[in-house]
1. Which order do peptides 128-139, 164-175 fall in by mean Cβ count within 10 Å, highest first?
2. Take each of the peptides 233-246, 19-32, 74-87, average the number of other beta-carbon atoms within 10 Å over its residues, and list them starting from the highest.
3. What's the extension gain from Arg174 to Glu328 if we count 0.36 nm per residue and subtract their Cα-Cα distance?
4. Expressed in nm to one decimal, what extension gain is obtained for the pair Arg265 and Met195 from 0.36 nm per residue of sequence separation less their Cα-Cα distance?
5. Grab the other residues whose beta carbon is less than 13 angstrom from that of Thr136, score K and R as +1, D and E as -1, and report the net.
6. Please give the length that would be gained between Trp134 and Ala231 if that part of the chain were fully extended, namely 0.36 nm times their separation in residues minus their C-alpha to C-alpha distance (nm, one decimal).
7. Report the dimensions of the chain along its three principal axes from the alpha-carbon atoms, largest first, rounded to Å.
8. If we count every other residue with Cβ under 14 angstrom of Glu127's Cβ, Lys/Arg +1 and Asp/Glu -1, where does the sum land?
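Computed from the coordinates by the stated procedures, all read-outs in this text should not be read as laboratory data. Treat the numbers as computed from the prediction; the structure is a model and nothing was measured. With ideal geometry, Cβ positions are generated from the backbone for all residues, glycine too; neighbour counts draw on all protein chains shown.
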Amino acid sequence: MTLARLEEILDRIRSARIGIAGDFCLDAYWEIDTGEPEISLETGKPTHGVRSQRYAPGGAGNVACNLAALGTGTVRAFGVIGCDMFGRELESLLRQKGIDTSGLIAQERDWETPVYAKPYRAEAEGERIDFGRWNTMGSESTLCPRILQALPSLGAFVVNQQLAPGIHSAAMIRALNSCAHGNPGVPFVLDARTMNGSFTGMTSKLNAKEAARLAAAPGAASGGNATPLPAETLRQATLTIAERTGKPVFVTRGDEGILLYDGIRFSDIPALPLDDPVDTVGAGDTAVSAIAACLAAGGTPAEAGELANLAAAVTVKKLKETGAATPEEILRVAQAGGGFR
């Protein structure tokens, strides 16, 4: 891809319309005071003060924010939040980014807004506190019609699965698969943490370990320290997934870049060389948003992979945050070291 073509795609993204259905979460960062704790007069137990707090959209919310940062003309969010203060904060944060939240459902019963609360003492993250682990999806009859109504006006659609359980009940999965097959002109891009095998008719974005597990490749392991699969084994796993879904497959491999199978051939899209330190938290969200935005702008799968690598090269250099990449940052990276001309 030339620099001129990259600029053209980024410009076209400004008029793209993209929807995202998924698990909208809230990341909470609480800085705990490290001084001597006060003793509660009521209980006699030590209390721990929070010096500062900040909140950011997570899960599908972070994907939506990445799409907004890319300059996407319209980003529409479809999901479920709770009737609680965290849900109100999450919706407010999304709106501040210019994201259309009219597709978010506030479910009154059996749903707490999913929150990842992360207490920090100095630089050390403490034991995380999670909200929303026992949610029960009950809003399919309201959410699915909103998605169906929006689809004709969208240029791409992202399906995010972060939680189990989350919004992806059996009924929700059937509805989204039906939408993907019934709207062949709209690229559906799937980023599922544990339920990849439940969806069909969608372009897949997954990492090497997920691809190996999904395809039941020999040597695949569930742990985080698994030995990297041989290149040919990973290619076979990717091909197995593509044969099942009937769509392209993007496999992210960290500093080895992206392996793409576009339905005809494989492409190895190299990552940009980066110096330490890097923070890869949220890089997958950046990649899937860039892929969807590029496809919505009329780019090819290969161009989508290149844009994903460029965007990820921006965000992994943003330490201690799930960063997003703007068009200006992407162009600077491309001009500085991306091999673009």
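1. On the way: 128-139: 14.7, 164-175: 17.7.
With the highest mean Cβ count within 10 Å placed first, the list reads 164-175, 128-139.
2. In decreasing order of mean packing, 233-246, 19-32, 74-87 become 19-32, 74-87, 233-246.
3. Working: separation 154, 0.36 × 154 = 55.44 nm, distance 3.90 nm.
My answer for the length gained is 51.5 nm.
4. Numbers: separation 70, 0.36 × 70 = 25.20 nm, distance 2.56 nm.
Net length gain for the segment: 22.6 nm.
5. My count for the surroundings of Thr136 gives -2.
6. Numbers: separation 97, 0.36 × 97 = 34.92 nm, distance 3.91 nm.
Contour length minus the Cα-Cα distance gives 31.0 nm.
7. That works out to 70, 48, 43 Å along the principal axes.
8. Numbers: positive: Lys118, Arg121, Arg128; negative: Glu125, Asp130.
Taking every other residue near Glu127 into account, the sum is +1.
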